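Chemist: One structure coming up, written as structure tokens, with questions to follow.
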Amino acid sequence: MLLLSWICYCLPLYVRDDCTVDLSFISTLASILTLGPEFAVIISLISYPLSVSTTPDGREHIHIFNTAPIKTLFNMGNCNIALMIGGVAYYMLGGTPGNITLPGVLPPAFFYIVLSIAANVVVILLYYLSSQETDLRTMVAPMFLGLLPSIALSSPIGYFLAMLLVMHNGAWLALLFMLPLLLARYSFKLYLDGQRQQYSIIRAFAAALDAKDTYTQGHSSRVAAYTAQIATEMGLPEQRIRRLYDAALFHDIGKIGVPDSILQKPSALTPEERAIIQRHPQTGVDILRNLDSYQDLLPFILHHHEFYDGRGYPDHTKGDELPLDTYILGAADAFDAITSDRPYRSGRSPQAAASILMAESGKQFHPRVVETISAMVARGALGPASSASAEEDTPC
């Protein structure tokens with residue numbers, strides 16, 4: 001069990017740079033069912049500090065000698081507090097280590113799982129509350145629900161592993177049982193690596209587009225940062241904020257098909273030139289259409305120039321025909337355009353930009369969105385200075 005636990009801790013999968021999944025719950029559940037919660041705690045205390053994993057880019061290794069001691073202690077404490085609380089429920093409901101017969105093992109195992117997840121979430125939540133301002137509405141439910149699919153799918157595997165361990169020569173069978181799991185992990189890792197590389201390529205493509213013009217350099221990154229800040233302020237769930245952030249990064253990718261003579265023209269556009277530049281949302285959709293990972297971003301990219309009153313393009317949608325997310329992206333795009341230098345004018349202050357957006361409330365922009373932007377600008381929470389740090393902190 002020590003060996004299995006150590007292997008699981010050493011092989012995390014980075015779903016995102018700030019989010020990993022691993023097989024450790026499988027070995028932990030098997031330890032509890034066969035040896036008992038106290039042994040699961042001991043196994044975790046021994047195997048976790050000895051684990052060696054890689055960074056998201058795979059270039060460096062993470063171990064206790066290059067990790068802050070307080071971080072190692074926090075992670076160990078959080079995990080083992082959850083194990084102990086779940087273990088108490090396991091014993092109170094009649095759980096007996098080594099007795100894994102069905103259906104008697106189900107109630108103690110079920111409540112062990114539920115209480116250990118809840119304890120894990122509570123400890124992390126208390127940490128965030130003590131270190132920074134946290135919106136409980138956007139944090140607790142996503143964190144708890146985010147753990148459930150992984151735990152629900154891992155639990156049967158942990159039970160089968162426990163069954164093998166109580167059999168004659170079960171240790172060898174358990175090792176053989178882990179081989180297909182490691183193969184599945186490797187396949188999933190290849191998939192995630194492919195997704196990450198695809199994302200990096202598209203993001204580099206968008207950055208190259210920004211770099212074509214010194215006046216719009218960094219525009220997509222700033223709009224993405226503003227969009228995430230506004231969406232967070234409006235209480236959108238984390239998953240929608242991440243999706244909207246990605247859509248903002250790629251919202252102008254269709255301008256790759258617009259001639260530089262139009263993009264960088266210092267004077268007013270002719271009707272023909274305006275018609276050409278108004279095709280860039282559809283061009284962006286056409287570029288990303290064949291990439292499965294970005295299908296949910298296409299509506300935002302297509303409609304980020306629609307107006308609340310229906311005067312926008314390309315489809316002249318209005319009001320509640322579009323989700324709030326689209327209007328957030330459109331307002332963030334306009335906010336950055338107003339506060340940035342252009343060939344035909346200098347950038348204006350965030351306060352001036354907020355006033356311009358407020359004057360168009362209910363016309364070009366969604367009233368709730370511009371009210372949020374105005375309030376954020378008033379307290380200095382939105383503007384060119386705030387977007388620099390937000391770009392680093394915003395999840396991708």
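Just so it is clear, none of the values below were taken in a lab; they were calculated from the coordinates. These numbers come from a predicted model, not from an experiment. Using ideal geometry, Cβ is built from the backbone for each residue, glycine included, and neighbour counts are taken over all protein chains shown.
Chemist: Using each residue's phi in the range 95-109, evaluate 6.51 cos²θ - 1.76 cosθ + 1.60 at θ = phi - 60° and report the 3J(HN,Hα) Karplus result to the nearest Hz, with x for Gly and Pro.
Modeler: The phi angles translate into x, 10, x, x, 9, 10, 6, 8, x, x, 6, 5, x, x, 5 Hz.
Chemist: Just how many % of Cα pairs in the range 310-385 lie over 18 Å apart, if you round to the nearest whole percent? Working shown, then result.
Modeler: Values: 1091 of 2850 pairs.
In whole percent, the long-distance tail amounts to 38.
Chemist: Treat the count of other C-beta atoms within 10 Å as a stand-in for reagent exposure and order 304, 63 from fewest to most. Kindly include the intermediate steps, with their values, before the conclusion.
Modeler: Details: 304 27, 63 13.
Listed from fewest to most nearby Cβ atoms, that is 63, 304.
Chemist: Another question, then. For the range 2-188, what is the charge dipole size about the Cα centre, in debye to the nearest 20, if Lys and Arg each add +1 at the Cβ and Asp and Glu each add -1 at the Cβ?
Modeler: Approximately 220 debye in magnitude.
Chemist: Convert each backbone phi in the range 359-376 into a coupling constant with the Karplus relation 6.51 cos²θ - 1.76 cosθ + 1.60 (shift: θ = phi - 60°), then list the ³J(HN,Hα) values in order as whole Hz, x for Gly and Pro.
Modeler: 5, 9, 4, x, 10, 7, 10, 5, x, 5, 5, 5, 5, 5, 4, 4, 5, 5
Chemist: Here is a follow-up. Would you mind pulling out the separation of the Cα centroids of the range 24-94 and the range 254-288, in Å?
Modeler: If we compute the Cα centre of each part, the gap is 54 Å.
Chemist: What size of dipole, in debye to the nearest 20, comes out for the chain about its Cα centre when the only charges are +1 on Lys and Arg C-beta atoms and -1 on Asp and Glu C-beta atoms? It would help to have the intermediate numbers written out before the result.
Modeler: Values: 26 positive and 35 negative charges, 52 e Å.
Its charge dipole is roughly 260 debye.
Chemist: Would you mind checking which residues have amide H under 5 Å from residue 342's amide H? H placed 1.01 Å from N; only 5 or more apart, or other chain.
Modeler: For residue 342, whose amide H was placed from the backbone, the distant partners under 5 Å are 347.
Chemist: D for the range 1-114, whole µm²/s, Stokes-Einstein with Kirkwood Rh over alpha-carbon pairs at 4 °C and 1.567 mPa s: what number?
Modeler: Using the Kirkwood radius from Cα pairs, D works out to 87 µm²/s.
Chemist: Quick check: the angle from helix 384-393's long axis to the longest principal axis of the chain, C-alpha only, nearest 10 degrees?
Modeler: In the chain, helix 384-393 runs at an angle near 30 degrees to the longest axis.
Chemist: Go through [x] -0.56, -0.67, -0.98, -1.07; [y] -0.46, -0.59, -1.05, -1.22; [z] -0.70, -0.81, -1.08, -1.16 and flag the label whose value is the computed log10 I(q)/I(0) by the Debye sum over Cα atoms at q = 0.08, 0.09, 0.12, 0.13 Å⁻¹ for this structure.
Modeler: So the structure-derived entry is [x].
Chemist: Ranking 192, 45, 329, 11 by Cβ neighbours within 10 Å, fewest first, what do you get?
Modeler: Details: 192 16, 45 13, 329 27, 11 19.
Going from least to most buried by this count: 45, 192, 11, 329.
Chemist: Compare the peptides 195-204, 258-267 by average per-residue count of other Cβ atoms within 10 angstrom and give them in order, highest first.
Modeler: Top to bottom by mean Cβ count within 10 Å: 195-204, 258-267.
Chemist: Under the Karplus relation 6.51 cos²θ - 1.76 cosθ + 1.60, θ = phi - 60°, what is the ordered set of whole-Hz ³J(HN,Hα) values for the range 252-267, x standing for Gly and Pro?
Modeler: 9, 4, x, 5, 4, x, 9, x, 4, 4, 8, 4, 9, 5, x, 10
Chemist: Once amide H atoms are placed 1.01 Å from N in the peptide plane, what residues at a sequence separation of 5 or more from residue 13, or on another chain, have their amide H within under 5 Å of its amide H?
Modeler: Amide H neighbours of residue 13: 21, 22.
Chemist: Further question on the same structure: Residues with amide H under 5 Å of residue 54's amide H, sequence separation 5 or more or different chain, H placed in the peptide plane at 1.01 Å from N; which?
Modeler: 62
Chemist: Residue farthest toward the positive end of the dipole of the chain, with Cβ of Lys/Arg at +1 and Asp/Glu at -1: which of 362, 186, 310?
Modeler: After comparing all options, I get 186.
Chemist: For a quick check: sort 336, 286, 325, 292 by the number of other beta carbons within 10 angstrom, fewest at the front.
Modeler: 292, 286, 325, 336
Chemist: At 7 Å along Cα-to-Cβ for each site, give me the label-to-label distance between residue 207 and residue 68 in nm.
Modeler: 2.6 nm
Chemist: Taking the Cα centre of the range 170-289 as the origin, how large is its charge dipole in debye, to the nearest 20, when only Lys and Arg (+1) and Asp and Glu (-1) carry charge on their Cβ atoms?
Modeler: 300 debye
Chemist: Please report how many Lys pairs in the chain have alpha carbons closer than 21 angstrom, counting only residues at least 8 apart along the chain or sitting on separate chains.
Modeler: 4
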